[in-house]
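The structure under discussion appears below in the form of C-alpha cells.
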Amino acid sequence: MCGIYLTNIQYDDTTVKQKLNSISFRGPDHTGIKKVNQVTLGHLRLSILDLDPRSNQPMAEDHLEIVFNGEIYNYKDLKADLAKIGYNFNTESDTEVLLLGYKEWGKDILSRINGMFAFSIYDSLNNTIFSARDRLGVKPFYYYWKEGNLEICSQIRPLLESKKISDEAISIFLDCMFIPSPYTIAEDVFKLPPGNYMEVNLNTGDLKVSEYWNLKDVAIRKIDYDQAKKELHELLKDAVKIRLQSDVPIGSFLSGGIDSALVSSIASEVSDKPINTFSIGFEEADFDESKIAEKYAEIIGANHKTTICKPNDILKLVPKLISVYDEPFADSSALPSLLLNSVTKQYVTVALSGDGGDESFLGYPYFDSLVRNRFIMDIPYPLRKMLSHPKLLGLAGLNTHRVRNALGTKTRNDFIENIFSRKGFLLKEKRQGYMKYYQGYKKWSRDFLQKAADLNIKLWLENDSNVKVDRASMAYSVEVRSPFLDYRVIEYARSLPVSFRYQKGNQKRILRDILKEYIPEEVFNQPKKGFAVPIGKWMRNELRDEFLSTLNDQALNSIPNFKSNMFKKMLSDHMDGKVDHTANIWKVYVLCKWTNEFNTN
C-alpha cells in the first residue's frame, strides 16, 4: 500500500518532494523520485511484501518504469506463468510481476490480475503512459489534465495548488455527502473511474480513458441453495487466504456485524496462529457493538483489542479527517475508522475487513425499506404526490423520510436513486448531472433489489465506503484488505437468486448460514447497529460550541448555491432537540472545515 505520483510538468526536485511529503503517511518506509526524459515519477512505499530495498519504486524494466499502489493477490500464479515463458525475477514483489506482466501482455494484464491497485507505467521508448485502477475502486487515482500537462497522484492534495475549486462539485457534495468520480473538488482534476484504464500519448497530447471491467447483465444461476452456500464458502476462504499473504504482522477488524465476524472466523481457521482482532466501542448502548465483538473473538480464539470512542476523541480527529481525506467527505463513520486504525497500527500493519458484504448480500437497512414501501409505487403518481403532504402523513403516523421518498417519486428507479441523494433540497439549483455516470443499474437486472444493490456498488461503494477505508487506514500507514471486494465474490453474489441473499427479516441469509459453522446463531443474531457515531447527540451537548462557532453566518453565506436560511433553521431545530438533522449538519460542518483549511493553505 503506497502513494504514486507522475507528471510531465517540469517541477524542480524540491517541489516534487514537497508534494510527496504532503501525503507521506501513505508510504513512510521509502520515498523514491526518478526523472526519465521529461517525466518525473514519485513513490511512497509502505513495505508489505519483500521488505528488501530492491523492491522500492519507481521500478524499471528496460524502457518501462512503474509506480504502483496496492496488492496483486494472485501474483504468485502470474509469476509462475511468466517464468514458464522465460522471464527471470530480481525481487519477491508483486510490483515486478505486474511490470513484467504488462511487458508481456500489455493491457490484457488487467484481465489476469486479482487485486486492489492503481498504477502508472511510463514507456520511455514511445513516450506513452499506461495507467489503470482496480475493478471496484478500492485504491484511489487522481489526475490533472489540461493542454497536454499531466499530473497523477494517489490523493488530490498534491494536485490542488493553483487550482480553482469547483462550485458544481460543492453542490454535488451537498447532494450526496461525497464527490463521485469522475468529479473532484477542483476544476481540471478528475478521478479515473474503477475498472478503467487510461492511455496518454505525450507526443500527440492525446488522453483516452477506456473500460476493461464493469457489472454486467445478471444471469441467475440455476443452483441448489446448499450447493451455492458450499461454493460461496470456498470462494470466501480463498479470498481470505490470498489476502493473508504478508511479510509484516496482520490482523482483522471485528465489529458486531455478520461480515467482519465471517472474515475474522475464516482467517482464524486458515491461519496457523491466533489472529489479532480490533474493534471500536461507544459508551452509548444504542451504538455500541463491542461486547458482541468480544464474544466473537472469544469463540474464534482471537487476541482482541477494544477501544472506546468518546466525544473528545472525535474533536481531536476532525483536523485529521480534513487533512487526510483531501476533499469534503461527510460519512461520520470515518471518525471511528480513523481511531480504529490508529490503535491497529500499534500491533499490525495489515488488517482484514468486512467491507463490501452489505452491498453484495443486501444487508443495509434500506433494502428492507425498499421492500416495505415498494407497494406504494403501484399507486398512481398524482395521487401519491397528493398523499405525500407532511400533514397527511403525520395524521397517518407515516411521516418518515422513506415513506415521503416513495410517495414523492415518479418511478421505482427514482425511488432507488433517492436512497443515495436528497435531490438537492439544500441547493438553490439542483446539480445531479453526476447521475448520468451511474445509470447502468437500470439495465443489468430486472429485480428491484438487485438494481438497488448495483447502484450501491457503483456509486456508494467506490465513492463513500472505499474512500473512507483507504484514507482512514493510510492516515496511520495501515493496509486494509477486504475479501468481500474480491471481484469474484461480487460476480458470484450477483449470479445467485436474490432469495438466497435476502428474505424479509433475514438479510444476508447465505452469509448467516455460513457463519453458523463458526459462531452459534444465538450469538450473532443481533439487531444491526452499523458503524455509526452518536454525533447528533454530541453536537447538541459536548460538541455544541464547536459546531455553532464553525457554522457561523460568514461561513454559511460563502457556500455557493446554498439555502443558508433554510439550513440555519435546521441547525436551530436540531440544537433545540425538535428534529434530528444530524446528517445535513455534519455535511455542512465538514464542508466549512475543509474550505477553511483550503483557504488557509
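The values are calculated or read from the model by the stated rules, or taken from the named source; none is laboratory data. Everything quoted here is computed from the prediction, not taken from an experiment. No Cβ is skipped: glycine too gets one built from the backbone with ideal geometry, and neighbour counts run over all protein chains shown.
Figures for the structure shown
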item	result
Residue within region 168-178 that is assigned to a strand (DSSP E or B), at pLDDT 95 or above and not assigned by TED's automatic domain parsing to the domain that holds residue 261 present	no
Qualifying residues in region 112-157 (those that are surrounded by fewer than 23 Cβ atoms within 10 Å (Cβ to Cβ) and of a type in the set (Lys, Arg)) - the one farthest from residue 4 (Cα to Cα)	112
Residue check for residue 122: farther than 30 Å from residue 460 by Cβ, touching a Leu at 6+ places or on another chain (Cβ under 7 Å), assigned to a loop (DSSP other than H, G, I, E, B) and not assigned by TED's automatic domain parsing to the domain that holds residue 465	no
Close pairs (7 angstrom Cβ cut-off, 6 or more residues apart or separate chains): surrounded by 14 or more Cβ atoms within 10 Å (Cβ to Cβ) and of a type in the set (Phe, Trp, Tyr) in region 220-238, in a helix (DSSP H, G or I) and at pLDDT 95 or above anywhere	225/500
Residues that are touching a strand residue (DSSP E or B) at 6+ places or on another chain (Cβ under 9 Å), in a loop (DSSP other than H, G, I, E, B) and of a type in the set (Ser, Thr, Tyr), drawn from region 13-60	47
In region 565-583, the residues that are more than 30 Å from the chain's Cα centre (by Cα) and part of a helix (DSSP H, G or I)	565, 566, 568, 569, 572, 573, 575
Region 162-191 residues that are farther than 11 Å from residue 328 by Cβ and among the small types (Gly, Ala, Ser), paired with ones that are modelled with pLDDT under 95 and not in a loop (DSSP other than H, G, I, E, B) (beta carbon under 6 Å, 6 or more apart)	171/427
Identity of the residue in region 268-288, assigned to a loop (DSSP other than H, G, I, E, B) and in contact with a strand residue (DSSP E or B) (Cβ under 7 Å, 6 or more places away or on another chain), that ends up surrounded by the most Cβ atoms within 10 Å (Cβ to Cβ)	275
Selection status of residue 76, surrounded by fewer than 18 Cβ atoms within 10 Å (Cβ to Cβ), farther than 25 Å from residue 239 by Cα, of a type outside the set (Val, Ile, Thr) and out of contact with any Asp or Glu (no Cβ under 6 Å at 6 or more places or on another chain)	no
Residue 13 being without any contact (Cβ under 8 Å) to a residue 60 or more places away in the chain, in the same structural domain as residue 123 (by TED's automatic domain parsing), surrounded by fewer than 21 Cβ atoms within 10 Å (Cβ to Cβ) and closer than 20 Å to residue 161 by Cα	yes
Test: residue in region 471-491 that is acidic (Asp, Glu) and either in the same structural domain as residue 23 (by TED's automatic domain parsing) or touching a strand residue (DSSP E or B) at 6+ places or on another chain (Cβ under 8 Å) (or both)	yes
Output for region 289-316, where each listed residue is of a type in the set (A, V, I, L, M), closer than 22 Å to residue 539 by Cβ and surrounded by fewer than 22 Cβ atoms within 10 Å (Cβ to Cβ)	308, 315
Helices (runs of 4 or more DSSP H) wholly inside region 484-534 containing at least 3 residues that are modelled with pLDDT under 95	521-524
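Results for (1) hydrophobic (A, V, I, L, M, F, W, C); (2) in contact with a Leu (Cβ under 9 Å, 6 or more places away or on another chain), shown as yes or no for each residue.
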residue	(1), (2)
306	no, no
314	yes, yes
317	yes, yes
322	yes, no
326	no, yes
330	yes, yes
341	no, no
